[in-house]
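One structure is given here, and the rest of the page talks about it.
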Amino acid sequence: MTTVSAVPVVTTGPDRFGRLLRDVRISVTDRCNFRCPYCMPKARFGPGHRFLPRAEALDAREIVRLAGVFASLGVTKIRLTGGEPLLRPDLVEIVEGIAKLGVPDIALTTNGALLRRWAVRLRDAGLQRVTVSLDSLDPAVFTSMSDSRIELSEVLDGIAAARDAGLAPIKLNCVVQRGVNEDGLLDLVGFARREGLGLRCIEYMDVGATNGWRMADVVSGEEILERVRHVYPLLEEAPDPAAVARTYRFADGSGDLGVITSVSRPFCGDCTRARLGVDGKLYTCLFATAGIDLREPLRSGADDDALRRIVADRWKRRDDRYSELRGLGIAEGERIEMSYIGG
Ligand code: SAM
Ligand code: SF4
Ligand code: SF4
């Protein structure tokens with residue numbers, strides 16, 4: 001594998017709160033084969049919804065080029081997400097291109113429904129690990145939480161395919177929603193432990209502007225831990241400032257559990273993450289209300305130095321800390337949808 005060839009000529013340096021840019025999430029498509037009500041509710045993303053025209057989305061070469069720019073600025077982790085990244089026919093080309101840059105950590109978040117079709121090709125392209133979103137093992141709850149014709153068995157088969165292909169570690173993401181899937185939490189924990197998968201429970205967040213989020217629907221990380229601990233004793237791991245999840249090991253040694261407490265215990269102080277939207281806009285927060293356009297300079301011939309300067313300049317001015325402000329009751333603004341900005 002080749003390594004990043006460009007010598008960094010501009011480093012981003014710290015943002016206004018002293019945070020460095022280390023991690024970029026790239027939304028490769030705003031389309032999805034699910035309609036999870038907490039992310040892309042059908043009422044808003046139904047047949048009349050206008051997705052981004054393909055010509056406006058970055059193509060594979062443009063994505064890889066920008067990934068190289070990020071890597072040369074010190075980014076060590078790139079996660080491909082969306083929307084549903086496995087709907088993108090050229091995903092293998094994207095993974096291959098990023099792997100050739102020598103980025104140490106390339107990850108993919110998927111709903112898993114198409115993993116059986118893709119796992120081997122993605123592994124061959126250089127993907128090492130995968131995160132599959134799975135909110136419930138109850139077929140009826142799964143169907144209401146994904147709101148599509150795709151069955152739970154297809155996602156479970158996708159997870160098996162990822163394992164057969166040797167992708168490791170395989171992690172599961174579960175958004176825990178009050179009165180929706182909270183009762184199935186222990187079943188998921190049991191499944192993850194049996195199968196050797198790392199489960200990460202995510203607090204339901206007020207992303208975008210269409211999911212009708214209410215604080216009352218959030219099950220806090222503390223409550224999640226309390227419920228799990230009751231059955232499976234847990235030991236807290238030393239906090240990893242680079243990770244969004246607080247991790248707990250099961251006391252009997254059967255794997256670990258992560259909780260992502262973006263609502264009840266925000267972690268903006270450690271946030272080294274930027275997001276690249278489907279059309280090439282760079283956002284410095286999941287809850288951003290505006291991004292800066294990298295596609296226009298890219299398409300009008302800007303060289304890598306110029307692109308690095310644009311990114312570095314934006315990062316230097318970054319003062320995002322939405323989740324902390326939410327806790328103080330002063331967060332505001334019309335936010336971009338998560339499928340577009342990259343979950
Ligand atoms: N389609 C892929 C998937 O579902 O894994 C990737 C994109 S999805 C936007 C990325 C992650 O965001 C998923 O794990 C999903 O559960 C999470 N997510 C979406 N909406 C959320 C919300 N309102 N609160 C918390 N997590 C959310
Ligand atoms: Fe699609 Fe993922 Fe959003 Fe569900 S969470 S609607 S699978 S992008
Ligand atoms: Fe980072 Fe924004 Fe989330 Fe805070 S709210 S952790 S700054 S993405």
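The values are calculated or read from the model by the stated rules, or taken from the named source; none is laboratory data. What you are looking at is a predicted structure, and each value in this text was computed from that prediction instead of being measured. Cβ sites come from the backbone with ideal geometry, for glycine too, and all protein chains shown count toward neighbours. The accessibility values were calculated without ligands, DNA or RNA, using every heavy atom of the protein model including side chains. Shrake-Rupley method; radii C 1.70, N 1.55, O 1.52, S 1.80 Å.
Around residue 199, which amide H atoms from residues at least 5 apart in sequence, or from another chain, sit under 5 Å from its own amide H, with H modelled in the peptide plane?
Answer set, sorted by chain and number: 172, 256, 258.
Once both axes come from the Cα atoms, what is the angle between helix 221-231 and the longest principal axis of the chain, in degrees from 0 to 90, rounded to 10?
Relative to the chain, helix 221-231 is tipped by roughly 40 degrees.
Once ligands and nucleic acids are excluded and a 1.4 Å probe is used, how much of residue 118 is accessible, expressed in Å² to the nearest 10?
Estimated to the nearest 10 Å², residue 118 gives 20 Å².
State to the nearest 20 debye the size of the charge dipole of the chain about its Cα centre, where the only charges are +1 on K and R beta carbons and -1 on D and E beta carbons. Write down the numbers at each step before the final one.
Numbers: 48 positive and 48 negative charges, 127 e Å.
Around 600 debye, computed over the chain.
In the chain, what percent of the accessible surface is made up of carbon and sulfur (1.4 Å probe, ligands and nucleic acids excluded)?
Whole-percent figure for carbon plus sulfur exposure: 52.
Of 156, 95, 115, which is farthest along the charge dipole of the stretch 23-341 in the positive direction, counting Lys and Arg as +1 and Asp and Glu as -1 at C-beta?
Of the listed residues, the answer is 95.
For the stretch 201-317, with only Lys/Arg (+1) and Asp/Glu (-1) charged at the beta-carbon, what is the dipole magnitude about the Cα centre, in debye rounded to 20?
Here the stretch 201-317 has a charge dipole of around 380 debye.
Say each of residue 120 and residue 44 gets a label point 7 Å from the Cα, pointing the same way as Cα to Cβ; how far apart are those two points in nm?
4.0 nm
Keeping all protein chains in the complex and leaving out DNA, RNA and ligands, what accessible area do you get for residue 205 with a 1.4 Å probe, in Å² to the nearest 10?
30 Å²
List every residue whose amide H lies under 5 Å from the amide H of residue 318, counting only residues 5 or more places away in sequence or on a different chain, with H placed 1.01 Å from N in the peptide plane.
It is 16, by chain and number.
Could you grab the relative contact order for the chain? Cα pairs under 8 Å, six or more apart, rounded to a whole percent.
With pairs under 8 Å counted, the relative contact order is 24 percent.
Give me the percent of DSSP beta bridges within the stretch 23-341 that run antiparallel, rounded to the nearest 5.
30 percent
Tell me what the chain gives for mean residue ellipticity at 222 nm when only DSSP H runs of n ≥ 4 count, each as -39,500 (n - 2.57), the sum divided by the residue total, rounded to 500 deg cm²/dmol.
-9000 deg cm²/dmol
Mind ranking 292, 98 by accessible surface for me, highest first, 1.4 Å probe?
From most exposed to least exposed: 292, 98.
For the chain, with every protein chain kept in place, what is the accessible area per residue (1.4 Å probe, Å²)?
Result: 43 Å² per residue.
Output wanted: per-residue J couplings in Hz (rounded whole) for the stretch 271-288, from phi through Karplus 6.51 cos²θ - 1.76 cosθ + 1.60, θ = phi - 60°, x for Gly and Pro.
Those phi angles translate into 7, 10, 10, 10, 10, 10, x, 4, 9, x, 8, 9, 10, 9, 7, 4, 9, 5 Hz.
Would you grab the residues whose amide H sits under 5 Å from the one on residue 79? Only those 5+ places off in sequence or on another chain, please, with H modelled 1.01 Å from N.
Under 5 Å from the amide H of residue 79: 24, 25, 26, 107.
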